[in-house]
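The values are calculated or read from the model by the stated rules, or taken from the named source; none is laboratory data. Everything numeric here is computed off the predicted structure, so don't read it as measured data. Neighbour counts are summed over all protein chains in view; Cβ atoms, including those assigned to glycine, are modelled from backbone coordinates with ideal geometry. The protein model used for the area step is the full one, side chains on, heavy atoms only, and it has no ligands, DNA or RNA in it. Shrake-Rupley method; radii C 1.70, N 1.55, O 1.52, S 1.80 Å.
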Amino acid sequence: MTKNLFDPIQVGDYRLNNRIFMAPMTRARAGASGVPNEMMATYYAQRASAGLIISEATAVSPRGDGWPGAPGIYTDAQQAGWASVADAVHDRGGRIFLQIWHMGRAVLSESIGGQRALAPSEIAAEGELPNSEGIPTAFDTPEAMSVDQIDEAVAEFASAARRAIDAGLDGVELHAANNFLIDAFLRDGTNKRDDDYGGSLKNRSRFLLEVVDAVVAEIGAGKIGVRFSPTNAVFGISDSNPEAIFSFAARQLSKRELAYLHVLEPALDSGSPMVAGLPSVAPALRDVYDGFMILNGSLTQKTGADVVETGRADAVAFGVPFIANPDLAERFANGIALSEPKPETFYSGGADGYIDYPNGGRLTPAGQ
Ligand SMILES: Cc1cc2nc3c(=O)[nH]c(=O)nc-3n(C[C@H](O)[C@H](O)[C@H](O)COP(=O)(O)O)c2cc1C
């Protein structure tokens with residue numbers, strides 16, 4: 001039987017309406033408190049016809065929280081804000097997992113009261129991040145985490161996952177991509193440790209697996225996804241053999257029977273600054289990972305359908321297309337032309353370029 005993007009599918013604990021998922025995207029609309037607001041609930045509700053919404057990255061702790069305007073889930077107010085988002089999505093028949101991150105070395109010291117950012121080793125992230133005044137600022141050299149600090153970070157992920165489920169969100173996606181803390185432990189360009197958390201594939205996977213196991217104990221495996229970006233170079237991250245480390249980690253994840261593994265691999269010709277020019281690792285992960293896999297990166301309806309039909313993944317996620325097309329699934333189903341995104345509004349704050357894209361599909365009350 002051929003599989004297509006519009007087939008319902010079981011993912012972990014949930015039966016989802018289609019295989020057109022919304023990729024996690026930081027939109028920086030939560031203000032200084034990191035509390036999700038009504039506008040964010042509207043934004044996610046508008047996109048409820050995605051098979052699964054994966055939320056923007058959400059901080060598990062103050063020290064791992066460094067993107068101005070990005071939300072958190074470590075205070076009661078933040079948790080309550082997420083409960084309103086979950087209700088709004090569920091009212092429209094959607095499902096939403098919360099992507100949770102510790103930003104690790106990609107946090108500016110000035111954002112965390114002059115403390116140093118945390119990382120496996122003392123290697124600064126490349127590039128810049130806006131500070132609280134919006135001024136692009138270079139990263140400082142982070143502090144290499146002690147084992148106590150590692151234990152604390154594991155507990156922070158577990159506590160964030162608990163809060164997410166208590167808020168009514170359907171699950172969590174652990175952000176193990178894009179150079180943030182978990183990814184920095186996995187890849188050997190950023191992990192130079194000589195203790196149990198560095199060196200061998202097993203040791204570099206240890207932090208990820210400790211986080212996964214702690215979160216499984218808290219909320220159950222069927223509500224957990226993990227995201228990898230094996231071949232990108234964002235913030236200067238690298239690995240000497242991405243296929244080896246990510247295949248090893250994926251094999252260990254298979255044993256945990258999680259809801260899914262989500263692989264971000266921008267097409268080499270996409271012009272994305274995330275592309276490092278390395279060969280694709282996704283097919284190797286598909287071979288070793290015995291479970292539900294999502295593929296993302298520069299996909300179109302046509303290439304996404306091909307991924308699902310040929311079995312290269314079970315579902316596909318779309319990022320930028322969902323920013324400009326809240327009703328992306330309906331547009332695909334009905335052959336309706338896509339709206340163009342406005343990149344200058346991706347992180348700008350406010351309603352412009354956030355909740356004002358047209359809902360042209362109108363098959364379901366997607367919420368305009
Ligand atoms: C504005 C913006 C914000 C993003 N924020 C996140 C994020 O919070 N977490 C994450 O894992 N990826 C993030 N990404 C990457 C997207 O999830 C996705 O992998 C990327 O856009 C490629 O998919 P696409 O070609 O379908 O847009 C972001 C991308 C964009 C454009």
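The residue among Met25, Thr300, Ala167 whose Cα reaches farthest toward the positive pole of the charge dipole of the chain, with charges on the beta-carbon of Lys, Arg, Asp and Glu, is Thr300. Taking amide hydrogens as placed 1.01 Å from N in the peptide plane, the amide H of Ala119 sits under 5 Å from those of Glu143, Met145, each at least 5 positions away in sequence or on another chain. Its alpha carbons considered, the chain gives a radius of gyration followed by a Dmax of 19.0, 58 Å.
When both segment 298-354 and segment 199-213 are represented by their alpha-carbon centers, they are found 33 Å apart.
Comparing Cα centroids, segment 98-139 and segment 30-91 end up 20 angstrom apart.
Our compactness index for segment 109-191, the C-alpha radius of gyration over the empirical 2.2 N^0.38 Å, is 1.23. On a per residue basis, the convex hull of the C-alpha atoms belonging to segment 25-157 measures out at 110 Å³. Using a probe of 1.4 Å, the accessible surface attributed to His175 totals some 10 Å² when neighbouring protein chains are kept in position. In summary, the lysines within cross-link reach of Lys223, defined as a Cα separation below 26 angstrom excluding same-chain residues under 8 places away, comprise Lys3, Lys202, Lys255.
The residues of segment 212-352 expose, per residue, 40 Å² of accessible area to a 1.4 Å probe. Here the label points at Ser240 and Asp213, each 7 Å from Cα along the C-beta direction, are separated by 2.7 nm in the simple model. Dipole size of segment 9-345 about its Cα centre, with +1 on Lys/Arg Cβ and -1 on Asp/Glu Cβ: approximately 680 debye, rounded to the nearest 20. The 3J(HN,Hα) values that the Karplus relation (6.51, -1.76, 1.60; θ = phi - 60°) gives for segment 261-266 are, in residue order, 10, 10, 10, 9, 9, x Hz. Gly and Pro appear as x. Considering only beta bridges that DSSP places wholly inside the chain, some 20 percent are antiparallel. Every Cα-Cα pair in segment 1-54 was counted, and those over 15 Å apart are 57% of them. Distance between the modelled labels on Ala337 and Lys255, one decimal in nanometres: 5.4 nm (7 Å Cα→Cβ projection). Just name one of Leu118, Ala221, Ala176: the one whose Cα is farthest towards the positive end of the charge dipole of the chain (beta-carbon charges, Lys/Arg +1, Asp/Glu -1). The Cα lying farthest towards the positive end belongs to Ala221. Bins of 5 Å, beginning at zero and ending with the bin holding the largest distance: percent of Cα pairs per bin for segment 58-116, please. Spelled out per bin, shortest first, that is 4, 19, 24, 20, 14, 9, 6, 3, 1.
Packing order of peptides 124-136, 71-83, highest average first: 71-83, 124-136 (average count of other Cβ atoms within 10 Å over each peptide's residues).
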